[in-house]
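See structure below.
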Amino acid sequence: MDKKLYLASQSVARGRLLKEAGFVFDVISQDADEKSCDWGMPIQKLTSHIADLKMKAVSVPSGEKEGALCWIITADSLCVDKDGRAFGKPLNHEDAVRMVRYVRNGTVAGTSFCIERRRWERSQWITEEQYIDYAQGECILDVPDDDIEWYFKKLKELSGLDYLKLAGAFSITGLGAQFMKDVSGSYTAILGLPMYELRQGLKKTKFL
């Protein structure tokens with residue numbers, strides 16, 4: 001049976017997690033308007049809502065033949081600091097600096113993902129099943145003020161990560177590992193895609 005796996009995310013970290021886990025997939029686009037969401041919702045509800053919103057806005061290539069199946073993954077990550085303030089991707093450089101300073105006191109990083117199984121019928125994709133789940137982790141990333149500019153620069157050079165496209169403007173892998181003071185919970189949820197939960201979802205939607 002023909003089946004394809006699509007990741008509707010430009011995230012370098014999410015793509016790397018899937019690739020390192022042995023999954024073969026194609027990256028596709030989505031154009032969801034996240035600004036339309038109620039940012040006062042709890043982190044799990046908000047990220048789940050955005051992951052679902054992204055799923056509704058994906059651009060999936062046409063099926064190659066009648067009955068072909070595809071699985072699509074969307075995801076959304078947010079951070080909540082110790083004062084309960086939620087933040088996603090920074091608006092600009094100054095906002096990124098502010099976020100990294102907050103993370104020194106600890107943050108909850110949560111990721112929701114959505115999986116849809118679709119079948120190509122009569123020249124269109126028909127959704128057969130949807131699965132949404134969430135996981136989170138907590139971490140303390142202690143980047144001193146004197147190192148913040150260097151940290152942002154090296155994230156791009158060494159890891160290919162644009163800090164303006166990262167939830168909380170930080171990464172705890174590679175370069176970031178030397179500033180990671182503490183971590184608990186789902187490590188891969190902090191990175192942007194909870195792999196244990198994702199595997200369960202792919203099994204329940206019959207990809208695995």
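The values are calculated or read from the model by the stated rules, or taken from the named source; none is laboratory data. These numbers were taken from a predicted model, which means no experiment stands behind them. Because the Cβ atoms are built from the backbone with ideal geometry, glycine has one as well, and the counts that use them run over all protein chains shown.
Take Met55 and tell me if it is at pLDDT below 90, hydrophobic (A, V, I, L, M, F, W, C) and under 29 Å from Glu128 (Cβ atoms).
Here the answer is no, as Met55 does not meet what is asked.
What number of residues within the range 154-188 are in contact with a helix residue (DSSP H, G or I) (Cβ under 8 Å, 6 or more places away or on another chain) and part of a helix (DSSP H, G or I)?
Counting residues in the range 154-188 that are in contact with a helix residue (DSSP H, G or I) (Cβ under 8 Å, 6 or more places away or on another chain) and part of a helix (DSSP H, G or I) gives 14.
Take the conditions more than 19 Å from Arg104 (Cβ to Cβ) and either of a type in the set (Ser, Thr, Tyr) or modelled with pLDDT of 95 or more (or both) and apply them to Leu158. Does it pass?
Judged against the criteria, Leu158 is not a match.
What number of residues in the range 58-86 are under 15 Å from Ile28 (Cα atoms) and loosely packed, with under 14 Cβ neighbours inside 10 Å?
So the answer is 3.
Would you confirm whether or not the range 109-121 contains a residue that is surrounded by fewer than 14 Cβ atoms within 10 Å (Cβ to Cβ), free of Cβ contacts under 8 Å to residues at least 40 places away in the same chain and either over 20 Å from Arg14 (Cα atoms) or not basic (Lys, Arg) (or both)?
No.
Identify the residue in the range 64-87 that is over 14 Å from Trp39 (Cβ atoms) and part of a loop (DSSP other than H, G, I, E, B) and, among all such residues, is nearest to the chain's Cα centre (by Cα).
Residue satisfying both the conditions and the ranking: Lys82.
Enumerate the pairs (first residue in the range 87-98 and surrounded by 13 or more Cβ atoms within 10 Å (Cβ to Cβ); second residue anywhere and of a type in the set (Val, Ile, Thr)) with beta-carbon separation below 7 Å, excluding pairs fewer than 6 apart on the same chain, so at least 6 apart or on different chains.
The qualifying pairs are Val97/Ile148.
Go through (1) buried (at least 17 other Cβ atoms within 10 Å of the Cβ); (2) at pLDDT 95 or above and name the single condition Gly176 misses.
(2)
Could you identify the single residue in Gln178, Gln136, Gln130 that is polar (S, T, N, Q) and over 30 Å from Lys56 (Cβ atoms)?
After ruling out the rest, the residue left standing is Gln178.
Under 8 Å between Cβ atoms, which residue pairs at least 6 apart in sequence (or on different chains) link something in the range 188-208 that is closer than 15 Å to Leu7 by Cα and modelled with pLDDT of 95 or more with a partner that is assigned to a helix (DSSP H, G or I) and hydroxyl-bearing (Ser, Thr, Tyr)?
Close Cβ pairs satisfying both conditions: Pro194/Thr188; Met195/Thr188.
Conditions (1) at pLDDT 95 or above; (2) touching a Gly at 6+ places or on another chain (Cβ under 7 Å), marked per residue:
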| residue | (1), (2) |
| --- | --- |
| Met41 | no, no |
| Ser62 | no, no |
| Arg85 | no, no |
| Gly88 | no, no |
| Asn92 | yes, no |
| Thr111 | yes, yes |
| Arg119 | yes, yes |
| Glu128 | yes, no |
